[in-house]
Amino acid sequence: MLHVQSKKASIIIEQHGYHAKATVKEYRKEYVRVAGSWHWLDYPYVEYLTSTGAVTLERLKFAQSPGRPFVIGEEIEVVRYDGTLYYRNNLLESYWWKYLPLLIKSICFLLALTAIVKYFLAV
């Protein structure tokens, strides 16, 4: 999956982008550089209603290797911002996925600290 690079960027795109429902129409293979090496990826092309009211077919900035993330005809939510069309769920997921390990570690630390404090208060 391709993620938006930062929490701040995700929030800006989510808040200021144009939101729309889109239908996956086709996939096109593209030779792209990912993490320093070149790969063939299937990029979904979706049809949606633009802010001007025109129906358009556009490449979604979202690919998955291996496989195709969506079924042809599937309806998804997209956000258009600064000339790029993003998959909305990926914008939301990228922030939480990035910080989830930190959240889990923090919760474990707090649980351990609580147990230690309870132990010393009981003694």
* Structure fact -> Residue separation between Ser106 and Val32 times 0.36 nm, minus their alpha-carbon distance, gives in nm 22.9 nm
* Taking the Cα centre of the range 7-96 as origin, work out the dipole magnitude from +1 charges on Lys and Arg Cβ and -1 charges on Asp and Glu Cβ, in debye rounded to 20. => 240 debye
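Using a cut-off of 13 Å between beta-carbons, work out the net charge of the residues near Thr23 (Lys and Arg +1, Asp and Glu -1, Thr23 not included). Spell out each step's value before the answer.
Values: positive: Lys21, Lys25; negative: Glu26, Glu47, Glu58, Glu74, Glu75, Glu77.
Taking every other residue near Thr23 into account, the sum is -4.
Is the range 10-59 best put as rounded, prolate or oblate by its Cα gyration tensor, with a ≥ b ≥ c the root eigenvalues, rounded for a/c under 1.5, and otherwise prolate when a/b is larger than b/c, oblate when not?
Oblate shape, in that a/c is at least 1.5 and b/c is the bigger or equal ratio.
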* What residues have an amide H closer than 5 Å to that of Ala63, excluding those fewer than 5 places away on the same chain, when H is modeled at 1.01 Å from N in the peptide plane? -> Leu2
* Structure fact -> Length gained, Leu49-Glu74, 0.36 nm per residue minus C-alpha separation, equals 7.5 nm
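Rounded to the nearest 500, what is the chain's calculated 222 nm mean residue ellipticity when only DSSP H runs of at least 4 contribute -39500 (n - 2.57) each, over all residues?
-13000 deg cm²/dmol
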* Considering the options Ala63, Gly73, Gly36, tell which one lies farthest towards the positive end of the dipole of the range 7-96, charges being +1 on Lys and Arg and -1 on Asp and Glu at the Cβ, about the Cα centre. => Gly36
* Structure fact -> Shape call for the range 7-96, from the Cα gyration tensor axes a ≥ b ≥ c (a/c under 1.5 means rounded, otherwise prolate when a/b beats b/c, else oblate), comes out oblate
* **Approximate spin-label separation Lys7-Gln64, in nm, with each point projected 7 Å along Cα-to-Cβ** => 2.6 nm
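Rule-based calculations on the coordinates, nothing more; no lab input. Please read these numbers as outputs of a predicted model, since none were measured by experiment. Glycine gets a Cβ as well: all are built from the backbone with ideal geometry, and neighbour counts include every protein chain shown.
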